[in-house]
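Working notes, structure below.
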Amino acid sequence: MVGTPRRLRRIGLLGGSFDPVHVGHLAVARAAHRRLHLDEVHFIPAGRPPHKPQHELAPFPHRYAMVALACAEHAHFVPSLAEAGADYSGRHVHYTIETVQRYQREYPQARLYFIAGVDTFLELPTWKEYEKLLGLCDFIVASRPGYRLEALRLVIPPALLGRPVAPSRDVLALRQTAVHLLGTVASHVSATEIRRRRQRRQSIHGLVPVRVEEYIVKLALYT
């Protein structure tokens, strides 16, 4: 008797500066985890983001530590050192396609889902080898009010589009992968505002996880 094929492990990849990680990031990760039945969501602090060369980030060890604290209370969330570099300094540029390829090597039996906000996804044509990237992993796109699937279709080369199995308002089929539109995740939190509040000596309570808040206050980050 032939056994039932095992379901591929599903790993979500949530990259970002995480300067600092905040409750909005966690809300998106939880929504993606539920929507696509992900086994894990890996939070990947960026080394030096290629699109933000002038942005002064907090040192990588601090950003990774905050991500680790934020993930500690969620069984399916994993802090990642994928972009830490060989010296764990996080000083080097890492392109998304390189990070995804690294995950493919490390998890050859997994299906990968790259999680991004809709504004980030619409900038996809500016990413390194973005057409190749679209064929390597699925995308989960966290939407905002007013965005529909057709807006995402505009940044995808027609040659990469596949034939949908059935009409869908939230899944765009590509030849080898798919783009999943994640319903609006309500959050008005931004890392920029958190840093500004710290500079003004204002409370950030409720904007970041409690353990992350304690870390930021104890080490006087962003002041």
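FYI, it's all coordinate maths here, none of it is from the lab. Remember, predicted model here, so these are calculated numbers, not experimental data.
If contacts are Cα pairs under 8 angstrom and at least 6 residues apart, what is the relative contact order of segment 9-189 in percent?
Details: 308 pairs, mean separation 40.7, N = 181.
Here the relative contact order equals 22 percent.
Per 10 Å bin from zero, what fraction in whole % of the C-alpha pairs of the chain is there, up to the bin with the longest pair?
Distribution as computed: 8, 32, 37, 18, 5, 1, 0 percent.
What angle do you read, to the nearest 10 degrees and between 0 and 90, between the alpha-carbon axis of helix 23-36 and the longest principal axis of the chain?
20
List the residues, sorted by chain then number, that are 5 or more residues from residue 174 or on another chain and whose placed amide H is less than 5 Å from its amide H.
162, 179
Over segment 6-83, how many percent of alpha carbon pairs lie in each 10 Å bin up to the one with the longest distance?
19, 50, 25, 6, 0
Which distance in Å, rounded to a whole number, links the C-alpha centroids of segment 153-223 and segment 60-97?
Using only Cα atoms to place each centre, the spacing works out to 16 Å.
Can you give me the angle between helix 96-106 and the longest principal axis of the chain, using Cα atoms only, in degrees from 0 to 90, rounded to the nearest 10?
70
Which residues' amide hydrogens lie under 5 Å from the amide hydrogen of residue 16, considering only partners 5 or more residues apart or on another chain, with H built in the peptide plane?
44, 46
Using θ = phi - 60° and the Karplus form 6.51 cos²θ - 1.76 cosθ + 1.60, what ³J(HN,Hα) does each residue of segment 197-209 get, whole Hz, x for Gly and Pro?
My calculation for segment 197-209 gives 5, 5, 5, 8, 6, 9, 5, 10, 4, x, 8, 10, x Hz in order.
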